[in-house]
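Below: the structure, in structure tokens.
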Amino acid sequence: MAKLVLEKVAKSFGLVNVLPGVDLDIEDGEFVVFVGPSGCGKSTLLRLIAGLEDVSSGDILIDGDSVTHVPAADRGVAMVFQSYALYPHMTVRQNLSFGLENIRMQRPEIERRVGEAARLLQIEQLLERRPKELSGGQRQRVAIGRAITRDPKIFLFDEPLSNLDAELRVLMRIEITRLHERLGNTMIYVTHDQIEAMTMADKIVVLRGGVIEQVGAPLELYNQPRNAFVAGFIGSPRMNFVEGTIGEVSGETFTFTSPDLPAMTLPRRTASLAAGQKVSVGVRPEDLIVSKGKGSGWPVTVSVAEQHGANSYIHCSRPNGEPLLIHQPGQSAVERGDILNVSPVPARWHLFDASGLRIEIEPGQEMAPPILHTAIQ
Ligand SMILES: Nc1ncnc2c1ncn2[C@@H]1O[C@H](COP(=O)(O)OP(=O)(O)O)[C@@H](O)[C@H]1O
Ligand SMILES: [Mg+2]
């Protein structure tokens, strides 16, 4: 069991208040991903949990017991760093066993643990090599192995795959997910990689400026972002935002206008709309209905049509020059300079008020499931 609770955990470095006060519950066995822009405090929060840094105030509890003043080595927490932090002069075996020797663990138990970690990570054949004789992926495996040998209650990963090339990242991502399934430990994983966050997490924590913006399952955040920041941060490529004003509001519909675009009538899915209100419509690149030429939607001009083979990313500009991105499955026949007519897929758009907060949708009018182009029956 390892349930982690953060109660008003705050951290300042001198006058700089990096974390004003984080409240968070992480359940036993959960895989939680911290995401957020660079400098938002992800590593600091992880280091506070690990005990590598002291909190300025607040409490950290593991299984109900405060560990806030317990030394790092006694917290039952192991951290894996982006930089691997292996000892260059030691072999892999020595790197794996060093920490255990330090706490005077019995030799047979050390050997058992090192053997098990090596087997789990398939690095048995590398045990006598030194770090410089390993590839980046193998080094990161050793770093993870070192955490495993400590048999921690909680694993902490700080951007562990950032130094690996794209192909290896995909493999390691799957391996870490499998490792979590096998070990069942609580794991906290920091990344700025969208795909890692979406695919690995049971629960994503979105941070901005040391403050938690939203906590939820990946698709919950994707489909119901609480504000424009989360909406823009989760999902890659990012959501399009069109700023404008609410025009006429009737029972079933409202009109939305933006200075450079024709008014669009959209179904009204919320009670709290007022004529003249400043809002922005958020619509993901894959949630746009597109036709060639002029129509009743928004006119945009293609600036770049990126053909990835299986997907097309059509970079467009609005009449005012602002970008609008369309994502379509498959290959696209559009070319630079083409005029397209776009409108949001019904019930696949979001509305944010002037302060960026999501305007809540009435029950029964929630976000529709995305269009499944190749639905599995
Ligand atoms: N030891 C330190 N002394 C002073 N400022 C620090 C220290 N560690 C981190 N910071 C500052 O705290 C903020 C958060 O840093 P960090 O937790 O590393 O962000 P992230 O991991 O999200 O990129 C940054 O502004 C950083 O400069
Ligand atoms: Mg960091």
- request: Would you mind ranking L45, L120, L4 by Cβ crowding within 10 Å, fewest neighbours first?
  value: L120, L4, L45
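Regarding the stretch 4-232, what is the average projected area of its C-alpha convex hull, in nm²?
For the stretch 4-232, averaging the hull's shadow over all directions gives 12.8 nm².
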field: Relative contact order (%) - criterion: Cα under 8 Å, at least six apart; region: the stretch 218-258
entry: 24
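On average over all directions, what projected area in square nanometres does the stretch 153-310 have, based on the convex hull of its Cα atoms?
Reported value for the Cα convex hull: 13.2 nm².
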Residue among F256, I60, F352 farthest towards the positive dipole end of the chain, charges placed on Cβ: I60
task: Could you calculate the FRET efficiency of A85 with Q194 from 1/(1 + (r/R0)^6), where r is the beta carbon distance between them and R0 is 25 Å, rounded to 0.05?
output: 0.45
task: May I ask you to sort I103, I154, I204, I339 by Cβ crowding, counting other Cβ atoms within 10 Å and putting the fewest first?
output: I103, I339, I154, I204
- request: Pick out which of G216, G251, G29 has the largest mean-square fluctuation in a Gaussian network model of the chain, springs linking Cα atoms closer than 10 Å.
  value: G251
message: Full-extension gain between E111 and E124, please, as 0.36 nm times their residue separation minus the C-alpha to C-alpha distance.
response: 3.5 nm
- line: Rh_Kirkwood(the stretch 94-135) over Cα pairs, Å, one decimal, evaluates to 10.9
statement: The simple spin-label model distance between N311 and K8, using points 7 Å out along Cα→Cβ, in nm, is 4.3
- request: Excluding residues on the same chain fewer than 8 positions from K294, give the aspartates and glutamates whose Cα lies under 19 Å from its Cα.
  value: D260, E322, E335, D338
task: Can you tell me the dipole magnitude for the stretch 4-232 around its Cα centre, using point charges on the Cβ only (Lys, Arg +1; Asp, Glu -1), in Debye to the nearest 20?
output: 740
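If we count other beta carbons within 10 Å of each Cβ, what is the order of F233, F13, F81, fewest first? List each step's numbers first, then the result.
Values: F233 25, F13 10, F81 17.
Lowest count first: F13, F81, F233.
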Label-point gap, in nm, between T253 and L357 - each point 7 angstrom along Cα→Cβ: 2.9
query: Considering only DSSP beta bridges with both partners in the chain, what is the antiparallel share in %, to the nearest 5?
result: 80
field: Options G276, T177, G321, ranked by Cα towards positive dipole end of the chain, top entry (Cβ charges)
entry: T177
statement: Filtering trypsin sites (Lys or Arg not before Pro) in the stretch 51-109 by DSSP loop and by at most 12 other Cβ atoms within 10 Å leaves R104
field: Charge sum, other residues only, whose C-beta stays under 12 Å from A305's C-beta, Lys/Arg counted +1 and Asp/Glu -1
entry: -2
message: Placing +1 on the Cβ of each Lys and Arg and -1 on the Cβ of each Asp and Glu in the chain, which of F34, V92, L221 has its Cα farthest towards the positive end of the resulting dipole?
response: V92
- line: Violations at 27 Å Cα threshold for listed pairs K8/K42; K8/K203; K3/K42 -> none
query: How many angstrom lie between the C-alpha centres of the stretch 190-232 and the stretch 41-91?
result: 23
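Restricting to Cα atoms and excluding each atom paired with itself, what does the Kirkwood estimate give for the stretch 290-346 in Å?
About 11.2 Å for the stretch 290-346.
Could you tell me how many cubic angstrom of Cα convex hull volume the stretch 237-353 has per residue?
Details: hull volume 10.7 nm³, N = 117.
Once divided by residue count, the hull of the stretch 237-353 is 92 Å³.
FYI, it's all coordinate maths here, none of it is from the lab. Computed from a prediction, not measured in an experiment: that's the story for all the values here. In this analysis, Cβ positions are derived from the backbone assuming ideal geometry, glycine residues included, and neighbour counts consider all displayed protein chains.
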